[in-house]
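Contents: one structure, followed by commentary.
Derivation of every value follows stated rules applied to the coordinates shown; laboratory data play no part. Being a predicted model, the structure only gives us computed values, none of them experimental. Glycine also receives a Cβ, built like all others from the backbone with ideal geometry; neighbour counts cover every protein chain displayed.
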Amino acid sequence: MKLSEYNIKTFLLSANQKIEENAEFISDRLNKGSDMDFVTYPPNCGFTQEEYNSLEKLKNDPNLKSALRKILADNSAGVLFDLFNIIDGTSEPDERFGKWTEICFVDKTDELAENLDFLHDELYDKYWDWRKIRPEKGWKLDNYDGVVK
């Protein structure tokens with residue numbers, strides 16, 4: 001069993017659409033100077049008051065909005081490209097995450113549907129697991145100052 005050409009096309013067109021839509025959404029919000037309540041990653045947002053103040057300087061600048069849209073789209077595409085390389089078996093996840101036996105996309109059948117896990121349900125929770133093992137960089141995405149258990 002494999003992934004059909006029409007599902008490959010639909011999936012990748014949808015991925016490109018979401019890259020553009022999310023880049024547009026975020027750059028629009030920053031350009032308008034709205035609050036950052038739309039930020040979902042990391043799970044507790046992570047902005048300091050100083051960062052909020054700096055983001056206020058971004059509003060009403062159409063050139064900055066355009067540049068941000070392109071940077072955000074590039075970041076999203078880069079993440080997806082790296083994940084697709086892992087799925088395709090042309091790269092592997094970091095060894096410290098555990099043994100990797102590879103995965104693949106296939107067309108869904110009724111039989112498969114009964115035993116599927118939902119990755120989107122796990123993504124945000126796994127941030128805290130990542131925080132526990134990530135190298136110290138002198139910065140972090142969240143604003144939690146306690147010890148991550």
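On the beta carbon distance between GLU111 and LYS132, with R0 = 35 Å, the FRET formula returns roughly 0.45. Mind checking which lysines have their Cα closer than 18 Å to the Cα of LYS2? Skip sequence neighbours fewer than 8 apart in that chain. Once the sequence-local lysines are set aside, what remains near LYS2 is LYS108.
Among LEU12, LEU72, LEU119, the largest mean-square fluctuation in a Gaussian network model of the chain, built with springs joining Cα atoms closer than 10 Å, belongs to LEU119.
Converting phi to 3J(HN,Hα) with the Karplus coefficients 6.51, -1.76 and 1.60 and the offset θ = phi - 60°, segment 51-58 yields 5, 4, 4, 5, 5, 4, 6, 7 Hz in sequence order, with x at every glycine or proline.
Dividing the convex hull volume of the alpha-carbon atoms in the chain by its residue count gives 163 Å³ per residue. For segment 1-34 versus segment 94-120, the inter-centroid distance based on Cα atoms is 22 Å. Residue-wise HN-Hα couplings along segment 130-141, as the Karplus relation 6.51 cos²θ - 1.76 cosθ + 1.60 with θ = phi - 60° gives them from phi, are 4, 4, 5, 10, 5, x, 6, 10, x, 7, 8, 7 Hz; Gly and Pro carry x. The chymotrypsin sites (Phe, Trp or Tyr not before Pro) of segment 41-149 that meet both conditions, a loop assignment by DSSP and at most 15 other Cβ atoms within 10 Å of the site Cβ, are TRP100, PHE105, PHE118, TRP139, TYR144. Listed values for segment 10-19 are Karplus-derived 3J(HN,Hα) couplings in whole Hz (6.51 cos²θ - 1.76 cosθ + 1.60, θ = phi - 60°), namely 4, 5, 6, 5, 4, 4, 5, 4, 5, 4, and x replaces Gly and Pro.
Mind checking which lysines have their Cα closer than 28 Å to the Cα of LYS59? Skip sequence neighbours fewer than 8 apart in that chain. Answer for LYS59, where 28 Å is the Cα cut-off: LYS18, LYS32, LYS70, LYS140, listed by chain and number.
Under the classification rounded if a/c is under 1.5, otherwise prolate if a/b is larger than b/c and oblate if not, where does segment 1-68 fall, given a ≥ b ≥ c as square roots of the Cα gyration tensor eigenvalues? The shape class here is oblate. Dipole magnitude for segment 105-149: computed about the Cα centre from +1 point charges on Lys and Arg Cβ and -1 point charges on Asp and Glu Cβ, it is near 600 debye. The GNM of the chain, with springs linking C-alpha atoms under 10 angstrom apart, assigns the highest mean-square fluctuation among LEU112, LEU83, LEU64 to LEU112. What do you get for Rg/Rh of segment 46-96 when both radii come from the Cα atoms and Rh is the Kirkwood radius? Ratio of gyration radius to Kirkwood radius for segment 46-96: 1.21.
Only the Cβ atoms of Lys and Arg (+1) and of Asp and Glu (-1) were treated as charged; on that basis the dipole of the chain about its Cα centre amounts to roughly 560 debye.
Positive end of the dipole of segment 1-148 (Cβ unit charges, origin at the Cα centre): among PRO43, ASN60, VAL147, the Cα lying farthest that way belongs to ASN60.
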